[in-house]
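Working notes for the structure below.
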Amino acid sequence: MSVETQFPSDEPDIDPSMGEALQAHKNKVRLIHTAKIASVWIALVLILSIGLLQLRFDPGYVGEHYGFVMQGVLTTLGLSVASIAIATILALLGALGRLSHNSIAQGLAGFYVSLVRGTPLLIQIYIIYLGLPQIGTQLQSLGFAHLGKTLTLTAIQSGILALSLNYGAYMTEIFRAGIQSISHGQREAAISLGLTEWQTMRRVILPQAIRIIIPDIGNQFIAMQKDSALVSVMGVWEITYRANRFGRKDSKFMEMFILAAALYWILTIVSSWIEERLEKRLAHAYER
Amino acid sequence: MLMNDNAIIHVENLHKWFGKLHVLKGVSFSVSPKEVMVLIGRSGSGKSTLLRCLNFLEEPTAGTISVAGDSITTAPGVKLDPKKILAIRLKMGMVFQEFNLFPHMTALGNVIEGLVTVKKMSQDEAIAMGEKYLSKVGLFEKRDVFPIRLSGGQKQRIAIARSLAMEPQVMLFDEPTSALDPELIGEVLDVMKQLAYEGTTMMIVTHEMSFANDVADRIIYVDHGEIVEQGEPEKIFNHPSDDRTRVFLRTFLHTDQSD
C-alpha cells in the first residue's frame, strides 16, 4: 500500500492553510497505519481459526454452551469489582502504615506485604477456604462458637477475601510510591498553614497521589479479572469453572477454554479502553 | 545584640545540626512589631535554615524560639509538643521559593484551605476572606483558576494571599523571587513592598539587594551559621564594619550586575 505524501502546495512561501493541510495529512497517515495494524490482527485470528477447524475444533459445541459460560461473566466482574474496592482500602492503610513513623504500624504493614507477596495466591485461597474452617471447628469445640462459625467462609467470600488481601499487598507499594511522588514542598506548605499531619495527608497529599495512582489501579483491576479464574478451584460459578464443567464432561476442553479465554480477553479489552479514557481525562484535570 | 521587651520574635542561642554539619551556631536576635528584617548571605550560609527553624519546618537542635507570647525551648533529646509547634506556626505565614501552591485546588481554594481546615471557618466566611486577600494581591479575577494556568509571579502572589489570609502576626519569605523569570520578579516585590508599607512584620531571605535596601528596617548578614553583622541598610550596604560582609557585598553586587 502506498501512502500519498504530496502536500497541496509545493510553493516555498507560507500558505495560511498549510497548518490544516499538514494536520489532514498527518491524520491520513495515522489512519492508514491503524488500518494496517487491524488487518494483521484479523489475519492472525483467521489463521488461528482455520487451523483449529482443520484439527476438529467443534464450533457448534461452543455455540451450544456459549450462554452457560457467558453467565459467569457477571460473577467474574462482581468478584473483581468487590475485591478491587476492598484491596484499594487495604492498600491505602498499608501505605500509610509503611510511611508512618509509628513502629507498630510500620511493622504490621511490612509484615502484611511481605507475607502476602511471598506466597502464591492459590495457596492463599486454599488456606482461607479450606484451612480456616479447620481452625474454626477447633475454636467451636473450645467454646468460641460464634468466632468459629465466622471463620467458615463461603466460596465467594473466600474468593473476595483472598483476592483483596493479595492485591491489597501489591497495591500497597503502588500507593506508597504515589504518596512519595508528591513533592515535599506540598507538605511544607500545608503544615506551615497549620494543617496537622493527618489533615495534610487527607486534604493535600492523597488527592494528588490518587490521581497519579488511578491508572495503576486500573491495571491491577484488569490483572485481577484474570487472576479471579483461580477461585474456580472452590467451585465458584464464574467463567473458568463453567467452562471447565462442560469441557471435562464432554472432553471438549479446547472449545470451552478457548471460549473462556475469549471472554476474559474481551473483558480486559473493554476495561483497558475505559481505563485509557479515564487516564486521558485525568491528564487534563485542574486545567480551567 | 539588640534585645527589647516588646519584641514579637525572640530567638536565643539557636543551634541546628544536619548530621555532622553545624549549620546554625548559636544564633540570637529579636524582631520588633512592624519591623522588616532582611537576611542576606551566601547560599549555604544558613539563612534559609534559620527561617525554616522559626516555624519548625526544620526542628532546631537546641535553643529558644518565642513568637508573640508562645515559647519553645529545645535541646537534643527533647520531645517537642505538637500543640505548641502548631500555636507558633499559626502566628507565622510562610512563603516559599517554589510557591508550593496546591495544584488540585483553584486560587481561591488555595487561599481558603487553611481557613476552612485549620480555623474551621464556615464556607461563606472563608470565601469572603479569601476574596479579600485575592484582591489584595491583585488577583481577584483569577479566583477560579487552577495554578497550572497561572504565571510564576501570579502563583507567588496567590501563595502570599494564602499565607496572609490566616492573618499571622509575622510573615516569613524564603527567597520568594529566586524561582521567577526576571520579568515576573517586580510584581511580587511590589506586593511585598505594599505589605511593608502597611506595617506587616516580615523576615525576608533574599538576594534582591536593591529591594532589601528599599524595604528593610534592618539587614542581617549571615555567614557560616552566624550573624556576622546587622544594622540599617544604609550602614550595611555603604559602611559594613566586618570584612566578610564587605567581601560578600563586593562579589555579590558584582556578579549581580554581570548577570
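The values are calculated or read from the model by the stated rules, or taken from the named source; none is laboratory data. Remember, it's a predicted structure, so these values are computed and weren't measured experimentally. Note: ideal-geometry Cβ built from the backbone for every residue, glycine included; neighbour counts use all protein chains shown. Keep in mind that these areas ignore ligands, DNA and RNA; they rest on the heavy atoms of the full protein, side chains included. Shrake-Rupley method; radii C 1.70, N 1.55, O 1.52, S 1.80 Å.
Take the alpha carbon gyration tensor of chain B, find the square roots of its eigenvalues, order them as a ≥ b ≥ c, and report rounded if a/c is under 1.5; if not, report prolate when a/b exceeds b/c, else oblate.
oblate
If the reach is capped at under 28 angstrom between alpha carbons, list the lysines near residue A:252, excluding any in the same chain fewer than eight residues apart.
Excluding near neighbours in sequence, the set is A:226.
Given +1 on the Cβ of Lys and Arg, -1 on the Cβ of Asp and Glu, and no further charges, what dipole in debye does the protein assembly as shown carry about its Cα centre, rounded to the nearest 20? Walk me through the numbers on the way to the answer.
Values: 51 positive and 54 negative charges, 488 e Å.
Result for the protein assembly as shown is approximately 2340 debye, rounded to the nearest 20.
Given the Cα-Cα distance of residue A:177 and residue A:282 and 0.36 nm per residue of separation, how much length would full extension add, in nm? Numbers along the way, then the final one.
Values: separation 105, 0.36 × 105 = 37.80 nm, distance 1.83 nm.
Computed gain between residue A:177 and residue A:282 is 36.0 nm.
Net charge within 11 Å of residue B:93 by Cβ-Cβ distance, Lys/Arg positive one each and Asp/Glu negative one each, not counting residue B:93 itself?
On the way: positive: B:89, B:91, B:162; negative: B:167.
Its environment carries a net charge of +2.
Subtracting the Cα-Cα distance from 0.36 nm times the residue separation, let me have the gained length for residue A:108 to residue A:262 in nm, one decimal.
Numbers: separation 154, 0.36 × 154 = 55.44 nm, distance 4.03 nm.
The residue A:108-residue A:262 span can extend by a further 51.4 nm.
Enter the mean number of other protein chain beta carbons within 10 Å of the beta carbon of each residue in A:207-215, as an integer.
Values: counts 4, 3, 0, 1, 2, 0, 0, 0, 0.
Average neighbour count from other chains, rounded to a whole number: 1.
Which helices of chain A meet both criteria: a Cα extent of 27 Å or more along the helical axis and a mean Kyte-Doolittle score no lower than 1.6, with helices taken as whole DSSP H segments?
Membrane-span-like by this rule: A:72-99.
Taking θ as phi - 60°, what are the ³J(HN,Hα) couplings along segment B:193-202 by the Karplus curve (6.51, -1.76, 1.60), each to the nearest whole Hz, with x for Gly and Pro?
Going residue by residue, I get 4, 4, 4, 4, 4, 7, x, 6, 6, 9 Hz, with x marking Gly and Pro.
With r as the distance between the Cβ atoms of residue A:269 and residue A:211 and R0 = 22 Å, compute the FRET efficiency 1/(1 + (r/R0)^6) and round to 0.05.
Details: r = 25 Å, r/R0 = 1.12.
Once rounded, the FRET efficiency stands at 0.35.
Peptide A:194-203: average number of partner chain Cβ atoms within 10 Å per residue? Provide the component values of the computation, followed by the final result.
Working: counts 16, 6, 4, 1, 0, 4, 1, 0, 1, 6.
Taking all residues of A:194-203 together, the mean is 4.
Starting at the first residue of segment A:194-199, write each ³J(HN,Hα) from the Karplus equation 6.51 cos²θ - 1.76 cosθ + 1.60 with θ = phi - 60°, in whole Hz, x for Gly and Pro.
In residue order, the calculated couplings are x, 5, 6, 4, 5, 4 Hz.
Determine the relative contact order of chain B: mean sequence separation of Cα pairs under 8 Å and six or more apart, normalised by residue count, in whole percent.
On the way: 471 pairs, mean separation 62.0, N = 259.
Relative contact order, chain B: 24 percent.
Sorting check: for B:231-240, A:44-53, which peptide has the highest mean count of neighbouring beta carbons within 10 Å, and how do the rest follow?
On the way: B:231-240: 15.9, A:44-53: 11.2.
Highest-to-lowest ranking by the protection proxy: B:231-240, A:44-53.
I'd like the interface area for chains B and A: accessible area of each alone minus the complex, both sides summed, 1.4 Å probe, protein heavy atoms only. What is it in Å² to the nearest 100?
Numbers: alone 12390 and 18420 Å², together 28690 Å².
So the buried area, both faces added, is about 2100 Å².
Going down the table (B:84/B:142; B:25/B:136; A:26/A:280; B:84/B:235), which pairs top 28 Å between alpha carbons? The partial results should precede the final answer.
Working: B:84/B:142 35 Å; B:25/B:136 38 Å; A:26/A:280 21 Å; B:84/B:235 37 Å.
Violating the 28 Å Cα-Cα cut-off are B:84/B:142; B:25/B:136; B:84/B:235.
So how many Å³ per residue does the convex hull of the Cα atoms of segment B:178-259 work out to? It would help to have the intermediate numbers written out before the result.
Working: hull volume 8.6 nm³, N = 82.
Dividing the Cα hull volume of segment B:178-259 by its residue count gives 105 Å³.
Rounded to the nearest Å, what's the spacing between the alpha carbon centres of segment B:59-115 and segment A:57-99? Just the number, please.
Distance between centres, Cα-based: 47 Å.
Give me the percent of DSSP beta bridges within chain B that run antiparallel, rounded to the nearest 5.
Numbers: 23 of 40 bridges.
Taking every DSSP beta bridge with both residues in chain B, the antiparallel ones total about 60 percent.
Given the protein assembly as shown, what percent of its DSSP beta bridges are antiparallel, to the nearest 5? Numbers along the way, then the final one.
Details: 23 of 40 bridges.
Roughly 60 percent of the beta bridges in the protein assembly as shown run antiparallel, per DSSP.
With a 1.4 Å probe and every protein chain kept in, tell me what percent of the accessible surface of segment A:66-285 is carbon plus sulfur. Could the numbers behind the result be given before it?
Values: 7530 of 11350 Å².
Roughly 66 percent, rounded to a whole number.
Once amide H atoms are built 1.01 Å from N in the peptide plane, which residues 5 or more positions from residue B:202, or in another chain, come under 5 Å H to H?
Those qualifying (amide H under 5 Å, at least 5 residues apart or on another chain) are B:35, B:36, B:37, B:171.
Can you compute the charge dipole magnitude of chain A about its Cα centre, using +1 on each Lys and Arg Cβ and -1 on each Asp and Glu Cβ, nothing else charged? Give it in debye, rounded to the nearest 20.
Numbers: 23 positive and 20 negative charges, 223 e Å.
Approximately 1060 debye in magnitude.
Taking the mean number of other Cβ atoms within 10 Å as a proxy for protection, how do you rank A:254-265, B:97-108 from highest to lowest? Don't skip to the end; give the middle numbers.
On the way: A:254-265: 18.6, B:97-108: 21.8.
In descending order of packing, they fall as B:97-108, A:254-265.
Using a 10 Å cut-off on Cβ to Cβ distances, tally the other chain neighbours for every residue of B:103-110 and report the average as a whole number. Mind dumping the intermediate values first?
Numbers: counts 9, 9, 4, 2, 0, 0, 0, 2.
Shielding by partners across B:103-110 averages 3.
Just round it to a whole percent: the fraction of Cα-Cα distances in the protein assembly as shown exceeding 35 Å. Before the final figure, lay out each step's value.
Details: 85445 of 149331 pairs.
Result for the distance tail: 57 percent.
Per 10 Å bin, what percent of the C-alpha pairs of segment B:74-222 does each bin hold, from zero upward?
11, 39, 33, 14, 2
What net charge do the residues around residue A:175 carry, taking every other residue with its C-beta under 12 Å from that of residue A:175, with Lys and Arg at +1 and Asp and Glu at -1?
0
Under a straight-distance cross-link criterion of Cα-Cα below 18 Å, which aspartates and glutamates are reachable from residue A:28, leaving out those fewer than 8 residues away in the same chain?
Excluding near neighbours in sequence, the set is A:4, A:20.
For segment A:66-285, what class follows from the C-alpha gyration tensor (a ≥ b ≥ c being the square roots of its eigenvalues): rounded when a/c is under 1.5, otherwise prolate if a/b is larger than b/c, else oblate? Don't skip to the answer; put the middle values down first.
Values: a/c = 3.09, a/b = 1.38, b/c = 2.24.
Because a/c hits 1.5 or more and a/b fails to exceed b/c, segment A:66-285 counts as oblate.
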